[in-house]
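To start, the structure itself, in structure tokens.
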Amino acid sequence: LWDEVMSVSLPELEVLDMSRNSFRYLPQGFLRGMTALSTLQLNQNCLKTFSLMEDEPLLFLQLMDLSQNRLANLNVSVNRLEKLNHFNISFNELQSVPSDLFAKMP
């Protein structure tokens, strides 16, 4: 599944709803080609870790829902998430979050 998806570029995609599945992980760079994404819903999966790096430029992302997973590790660089106004990480297994996570959010 992931090999096929990784070769796809979706620069026009605005909403990605992958909620209520059984995803345990997303491959590194999975969101890289989705530059117009405004809504990312990954809630109610089995994700244990989630990473969003600088080379995944989600300049238009307004809503990110990672709730109801099994997240223990959150590695999110939010320097480019200036439009984010809804960020749900409730009902996970997080012990801590990066110290700068909320520093640049609106």
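Counting only other residues whose beta carbon sits under 13 Å from that of Y25, what net charge do I get with K and R as +1, D and E as -1? List each step's numbers first, then the result.
Values: positive: R24, K48, R70; negative: none.
Once all neighbours under 13 Å are counted, the net charge is +3.
Give the long-range amide H neighbours of V76: residues separated by 5 or more places, or on another chain, with amide H under 5 Å away, using H modelled in the peptide plane at 1.01 Å from N.
Here L52 satisfy the definition.
Where the eigenvalues come from the Cα gyration tensor of segment 6-70, what are the semi-axes √(5λ) of the equivalent ellipsoid, largest first, in whole Å? It would help to have the intermediate numbers written out before the result.
Values: eigenvalues 71, 33, 23 Å².
In descending order, the three semi-axes are 19, 13, 11 Å.
Over the chain, what relative contact order in percent results from Cα pairs under 8 Å that are six or more residues apart?
Values: 244 pairs, mean separation 23.2, N = 106.
Reported relative contact order: 22 percent.
With the dipole of the chain worked out from charges on the C-beta (+1 for Lys and Arg, -1 for Asp and Glu) around the Cα centre, which of Q95, F30, L40 lies farthest toward the positive end?
Toward the positive end, the furthest listed residue is Q95.
Dividing the alpha-carbon Rg of segment 44-86 by 2.2 N^0.38 Å yields what?
Numbers: Rg = 10.9 Å, N = 43, 2.2 N^0.38 = 9.2 Å.
Relative to the rule-of-thumb radius for its length, segment 44-86 sits at 1.18.
What does the charge count around N43 come to, taking other residues whose C-beta lies under 10 Å from its C-beta (Lys +1, Arg +1, Asp -1, Glu -1)?
Summing Lys and Arg as +1 and Asp and Glu as -1 gives -1.
Got a number for carbon plus sulfur as a percent of the chain's accessible area, 1.4 Å probe? Walk me through the numbers before you get to the answer.
Details: 3030 of 6340 Å².
Percent of accessible area from carbon and sulfur atoms in the chain: 48.
How large is ³J(HN,Hα), in whole Hz, for each residue of segment 87-101 in order, when computed from phi with the Karplus curve 6.51 cos²θ - 1.76 cosθ + 1.60 and θ = phi - 60°, using x for Gly and Pro?
Whole-Hz 3J(HN,Hα) from phi for segment 87-101: 9, 10, 10, 5, 6, 10, 10, 5, 9, 7, 10, x, 4, 9, 4.
The values are calculated or read from the model by the stated rules, or taken from the named source; none is laboratory data. Source: prediction; values computed, not measured. Every residue, glycine among them, receives a Cβ derived from its backbone with ideal geometry; neighbour counts consider all protein chains shown. The area values use the complete protein model at the heavy-atom level, side chains included, leaving out ligands, DNA and RNA. Shrake-Rupley method; radii C 1.70, N 1.55, O 1.52, S 1.80 Å.
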